[in-house]
Amino acid sequence: MDNAKQITRVLFESFEPQAIHLFYAIGYLAIAIFIYGVFVQIRKYRRGKADGSWNELFGRFVDMLKTMATHRTLVRRDKSAGRAHGLIFLGFVLLFIGTSTITLEYDILEPLFGIKFWYGNFYLIFSLVLDVAGLSLIVGLLYMMYRRQWLNLPKLDYKRVDRQPGDPDFDRSQYRREDWAFLWSFILIGITGFILEASRLVWLSEQATVWDYRFWSPVGALLAEIMHGLGLTDQSAGVLRPYLWWFHGLLSLTFIACIPYSKIKHIFTAASSLMFKDPLAGRRLPMVPDEQKTAGYKTITDLTWKNLLHLDACTKCGRCQEACPANAVGAPLSPRDVILSLREFANHALSSKELPKEAELDIHGKGIGQVFMETLWSCRTCLACVEICPVAVEHVPIIVQMRRNLVEAGEMEPLLEKTLQTIHKTGNSFGESKRKRAAWTKELPFEVKDARTEPVDILWFVGDYASFDPRNQKVTKSFARLMQHAGVDFGLLFEAELNAGNDVRRVGEEGLYELLASSNIGTLQACDFASIVTTDPHSFNTIRNEYPDFGGQFEIEHYTTLVKRLIETGQIKLKKKLDCRVTFHDPCHLGRYNKGFDAPREVLKLLGCELVEMGRNRDNSFCCGAGGGRIWIPDPVGLEKPSANRMKEAGQIEGLQVFVVSCPKDLTMFEDALKTSGYEGRFVVRELIELIDECVEYEVWEDSAVTA
Amino acid sequence: MKILVAVKQVAALDEDFEIRADEKDVDEDFLLYDLNEWDDFSLEEAMKIKEASASEVEVVVVSVGPDRVDESLRKCLAKGADRAIRIWDDSIEGSDAIAIGRILAAVAQKEAPDMLFAGVQSSDQAYAATGISTAAYLNWPHAAVVANLQYQPGNQSALIRRELEGGLLQEVEINCPAVLTIQLGINKPRYASLRGIKQAAAKAIEQMSLSEIGLSAADVGATHSMSRVRRMYIPSKGRAQMIEGTIAEQAAKLIQIMNEFKGV
Ligand code: SF4
Ligand code: SF4
């Protein structure tokens, strides 16, 4: 082997000292521009309100690294894009580490301590790794270019659903230009890097320490062979090289300088966004401090720094928009556009030295960067957007905070306003007398315990729909019978139960929510019970995730897990198997909100049903349209309802007999949708409890079986 | 400039109510209280004038009633009223609409507003007389069932449109100060958010006794009213019945009933 020290790359080989100084000067300038950009960004975030997400920073950091290393969130529902991004990411990280290693030796260790390590075997392996990295980067970028140019993905169309053609911010072509500028400059850096490498090989092809080891940089070597083949001599390569070198160098420095000013900043913002991710985002909405004068977000400075950071993390990938049920039926809402509008607004209003006047900070309205009231009211708080976002943008808390402000200003549908007043007055959304809440128990052949007066093992929080809606009352009675049959010691709160407040809170009426929650918590705390069960996923979510913030710590489960246990322990004896083809609709508040995907499916299996999944299932389940208070807002005529859209999806299942739900609101929504969407007669909508009920109803059969 | 808005907390019947032992009213246990619907509109009308005016306008709500009425007054404060006054004395119990008018007029004399608004009527008693009797005691001009109001603070008169029977409207110019009873639908009342109501709890509700407004127990109450409730009751049910069966059966049954009715 040649002298190992000679197997390396001489930096700035045959450069005049002035040229080197010039390069350093430009380099420092690029770094200065970069640092200033970072400063402006941080100043912007600091103009937001405080947020308490600094706890467990180390754990969060490790989680973020894991997410980034595995690209777990990026490959979901878009494998090719995720993998291509993985290639770019890998290439970028390796090239970054490579460049830093060279800097470490050349600018720090060697001048200060005379230490050199970048030669010999280390150098050769280094070259190989970086060649692979460069290749990976280019391949990834090529796929992304192909994807943007030829796949015509609707989610990459930036045209807005809430604006009209002709509006200044309708098609947002500047985003498209930025995307392409990014792809081209990045790929050019990669390509010129390789050509530069190859031209150096040709130039120094007489030196054995260079040429004999060329295959340690295989891509460069291959290009060098081609250049040779095309007749490039070592002299002409020597002439070409400085041009290439400067082009590559300046492009790279420009790229670095541009990071904080362009979409490239997602390298940092997406990583931090992932790090500050709130696992309960949307499931547990932020409280409004008592001393705060107005509720919710009115101006851009009402957002917390964490919200502002999330806005900057969005990479416009469109996954949230693709998952959004409101968007799917043509409502003027795209979660991505809400985020982008606010981001544009924040960049415009919060980036200069002085803050604009209060009036210019209002994020509600019809102007550029402002969010329409119709947009905010279209949201069903189904959490599909939050759940799929690869960079942990939390849309729902922002949307609800903005709605809180609309509620305070009274800017809402008259019907919704009426309902809120009704709930305030009667404690339920049906406007029924409190005394009638447990009226359904009168039709049962047994007494139901009053948990307020005697201890019970399980307290059943019934919820409004299950208590008052006639169709749901049937299910409620079945469930009572089922619990009685299983020998469960249970009781109710009777007229002391109020609407749990989940949807009231998601509407944005925080004051009313506080009233409902604290009243229920007080009532529950005065009772003696071991745990709570409910058939209503909405009540389940708020009691489980939000009541603790108000001092109510309770053990609660959705009936599906309880029933599954009761069947498995034999307390519920199934006398009959159902031989039918069913599909299951995951309610948002049970599935996506609380990860209750498995219990209902296992119960279906225990019942002997053949479960055929719809295309959108589990975490990608499609909202019935009732969430976020939308059940109290009439859907606009002419637009398809999300529930009808869902029926169509179910209708594609060959031989489907039962569309199974496990949520009272779902039962109401889908039974309606079944009638209006023309599938009536083809299959039926049933609550899971009703199917179980069918299998246990034969008490007499047991007797006759024994005698037989 | 000041607008006085007279409001009332009304009672609505809960499911399965019972009549009080003295048979003069429904048992309070079965009543749900809320601000009278008409008053939402009259307060909103005052708020609109306040918000559109360049000069200072004070909106003061006043109500006659016991402690529980504070809840409704707080709702008015949450909607933006500047002050709230509540008059109560046990001797007021049993006053008719005219006697309440006497009390409100006394408050108006003390407060000296430029305008006095009231609802056309209350949804529980529906006399539609309180506002008008207040005007009579004050000897002010009045207009009932106002469906549209054009008024600039400081003006000597206001232009109003009144709703008459048969879809007719009457345009009236009225001298100020005046008492107007406001009709539903004149505007869109704002929503009082619960946080707003909670925050309004910090604002004081001024309690006034009869003597503070220059009246005494001899001016109010059932004994000093010109009308008194004798009895409240549920009339015995009419003979409604569902006719069931096939169309033919139903028709036959109907004929039979008609014949019975005619005494055939
Ligand atoms: S919560 Fe659901 S409806 Fe609302 S923006 Fe997100 S995906 Fe759309
Ligand atoms: S918010 Fe998240 S999911 Fe939506 S476009 Fe931005 S990065 Fe993609």
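The values are calculated or read from the model by the stated rules, or taken from the named source; none is laboratory data. Just so we're clear, the structure is a prediction, and the values are computed from it rather than from any experiment. Positions of Cβ are generated from backbone atoms using ideal geometry, with glycine treated the same way; all protein chains shown enter the neighbour counts. When the accessible area is computed, the model is the full protein with side chains, heavy atoms only, and any ligands, DNA or RNA have been set aside. Shrake-Rupley method; radii C 1.70, N 1.55, O 1.52, S 1.80 Å.
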With the condition being surrounded by 14 or more Cβ atoms within 10 Å (Cβ to Cβ), over 19 Å from the mean Cα position of the chain (by Cα) and among the polar types (S, T, N, Q), I'd like the helices (runs of 4 or more DSSP H) fully within region A:35-115 carrying at least 3 qualifying residues. none
Of those in region A:318-336 that are buried (at least 21 other Cβ atoms within 10 Å of the Cβ) and of a type in the set (A, V, I, L, M, F, W, C), the residue nearest to ligand 2 (Cβ to nearest atom) is A:320
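Determine whether residue A:682 is open to solvent by 60 Å² or more (accessible area, probe 1.4 Å) and either β-branched (Val, Ile, Thr) or more than 16 Å from ligand 1 (Cβ to nearest atom) (or both).
Numbers: open to solvent by 60 Å² or more (accessible area, probe 1.4 Å): yes; either β-branched (Val, Ile, Thr) or more than 16 Å from ligand 1 (Cβ to nearest atom) (or both): yes.
Against the criterion (open to solvent by 60 Å² or more (accessible area, probe 1.4 Å) and either β-branched (Val, Ile, Thr) or more than 16 Å from ligand 1 (Cβ to nearest atom) (or both)), residue A:682 qualifies.
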Among A:310, A:395, the single one that is crowded, with 23+ Cβ neighbours inside 10 Å and in contact with a Pro (Cβ under 7 Å, 6 or more places away or on another chain) is A:395
Within region B:149-202, work out how many residues are open to solvent by 20 Å² or more (accessible area, probe 1.4 Å) and more than 14 Å from chain A (Cβ to nearest Cβ). 28
Subset of region A:293-305 that is farther than 26 Å from residue A:164 by Cα and open to solvent by 10 Å² or more (accessible area, probe 1.4 Å) - its residue that is farthest from ligand 1 (Cβ to nearest atom): A:293
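Could you grab me the full set of residues in region A:58-81 that are in contact (Cβ under 8 Å) with a residue 40 or more places away in the chain and of a type outside the set (Asp, Glu)?
Step one: filter region A:58-81 for residues in contact (Cβ under 8 Å) with a residue 40 or more places away in the chain, giving A:60-61, A:63-64, A:67-68, A:73-74, A:76-78, A:80-81.
Once the filter is applied, which keeps residues that are in contact (Cβ under 8 Å) with a residue 40 or more places away in the chain and of a type outside the set (Asp, Glu), region A:58-81 yields A:60, A:61, A:64, A:67, A:68, A:73, A:74, A:76, A:77, A:80, A:81.
Would you mind finding the one in A:160, A:200 that is open to solvent by less than 50 Å² (accessible area, probe 1.4 Å) and within 16 Å of ligand 1 (Cβ to nearest atom)?
On the way: A:200 fails: within 16 Å of ligand 1 (Cβ to nearest atom).
When all the criteria are applied, what remains is A:160.
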Restrict the check to region A:658-672 and report whether at least one residue is more than 16 Å from ligand 2 (Cβ to nearest atom), more than 14 Å from every other protein chain (Cβ to nearest Cβ), over 27 Å from the mean Cα position of the chain (by Cα) and part of a loop (DSSP other than H, G, I, E, B). no
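Just a yes or no: is a residue in region B:183-191 touching a residue at least 40 places away in the same chain (Cβ under 8 Å) and assigned to a helix (DSSP H, G or I)? I'd like the intermediate steps shown before the answer.
Narrowing region B:183-191 to residues touching a residue at least 40 places away in the same chain (Cβ under 8 Å): B:183-190.
Going one step further and asking which of them are assigned to a helix (DSSP H, G or I), we end up with none.
No: region B:183-191 contains no residue that is touching a residue at least 40 places away in the same chain (Cβ under 8 Å) and assigned to a helix (DSSP H, G or I).
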Would it be correct to say that residue A:369 is within 15 Å of ligand 1 (Cβ to nearest atom), closer than 30 Å to residue A:144 by Cβ, surrounded by fewer than 23 Cβ atoms within 10 Å (Cβ to Cβ) and not assigned by TED's automatic domain parsing to the domain that holds residue A:538? no
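Among the residues in region A:339-347, are any assigned to a helix (DSSP H, G or I), small (Gly, Ala, Ser) and touching a residue at least 24 places away in the same chain (Cβ under 8 Å)? I'd like the intermediate steps shown before the answer.
Going residue by residue through region A:339-347, those that are assigned to a helix (DSSP H, G or I) are A:339-347.
Remaining after also requiring small (Gly, Ala, Ser): A:341, A:346.
From what is left, the residues that are touching a residue at least 24 places away in the same chain (Cβ under 8 Å) are A:341, A:346.
Yes, region A:339-347 has at least one match.
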In region B:20-51, the residues that are within 12 Å of another protein chain (Cβ to nearest Cβ) and either aliphatic (A, V, I, L, M) or surrounded by 16 or more Cβ atoms within 10 Å (Cβ to Cβ) (or both): B:30, B:31, B:32, B:33, B:34, B:35, B:40, B:44, B:47
Given (1) closer than 30 Å to residue A:511 by Cβ; (2) open to solvent by 100 Å² or more (accessible area, probe 1.4 Å), index of the condition residue B:244 fails: (1)
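To keep it simple, each residue is scored yes or no on (1) open to solvent by less than 10 Å² (accessible area, probe 1.4 Å); (2) within 16 Å of ligand 2 (Cβ to nearest atom); (3) under 19 Å from residue A:305 (Cβ atoms).
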residue	(1), (2), (3)
A:353	no, no, yes
A:356	no, no, yes
A:373	no, no, no
A:381	yes, yes, no
A:386	no, yes, yes
Out of region A:246-292, which residues are under 16 Å from residue A:307 (Cα atoms) and open to solvent by 60 Å² or more (accessible area, probe 1.4 Å)? A:268, A:277, A:279, A:284, A:287
Checked A:337, A:312, A:362 against criteria (within 16 Å of ligand 1 (Cβ to nearest atom) and away from chain B (no Cβ under 14 Å)); the one match is A:337
For region A:342-351, give me the residue count where each residue is away from ligand 2 (no atom under 12 Å from the Cβ) and either buried (at least 24 other Cβ atoms within 10 Å of the Cβ) or not polar (S, T, N, Q) (or both). 6
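β-branched (Val, Ile, Thr), away from ligand 1 (no atom under 16 Å from the Cβ) and open to solvent by 10 Å² or more (accessible area, probe 1.4 Å), is that true of residue A:612?
Considered against the rule, which asks whether it is β-branched (Val, Ile, Thr), away from ligand 1 (no atom under 16 Å from the Cβ) and open to solvent by 10 Å² or more (accessible area, probe 1.4 Å), residue A:612 comes out as yes.
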Within region B:1-19, of all residues that are under 13 Å from residue B:233 (Cβ atoms) and free of Cβ contacts under 8 Å to residues at least 40 places away in the same chain, the one farthest from the other protein chains (Cβ to nearest Cβ) is B:18
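For residue A:149, are the conditions met, namely being at pLDDT 90 or above and open to solvent by 50 Å² or more (accessible area, probe 1.4 Å)?
Numbers: at pLDDT 90 or above: yes; open to solvent by 50 Å² or more (accessible area, probe 1.4 Å): yes.
So residue A:149 passes the test.
When you scan region A:406-416, do you find a residue that is under 26 Å from the mean Cα position of the chain (by Cα), more than 16 Å from ligand 2 (Cβ to nearest atom), under 21 Å from residue A:506 (Cβ atoms) and within 14 Å of chain B (Cβ to nearest Cβ), even just one?
If we filter region A:406-416 for residues that are under 26 Å from the mean Cα position of the chain (by Cα), which is where we start, we get A:406-407.
Subsequent filtering for residues that are more than 16 Å from ligand 2 (Cβ to nearest atom) retains A:406-407.
Checking which are under 21 Å from residue A:506 (Cβ atoms) leaves us with A:406-407.
Narrowing the set further to residues that are within 14 Å of chain B (Cβ to nearest Cβ) leaves A:406-407.
The answer is yes, given that some residue of region A:406-416 is under 26 Å from the mean Cα position of the chain (by Cα), more than 16 Å from ligand 2 (Cβ to nearest atom), under 21 Å from residue A:506 (Cβ atoms) and within 14 Å of chain B (Cβ to nearest Cβ).
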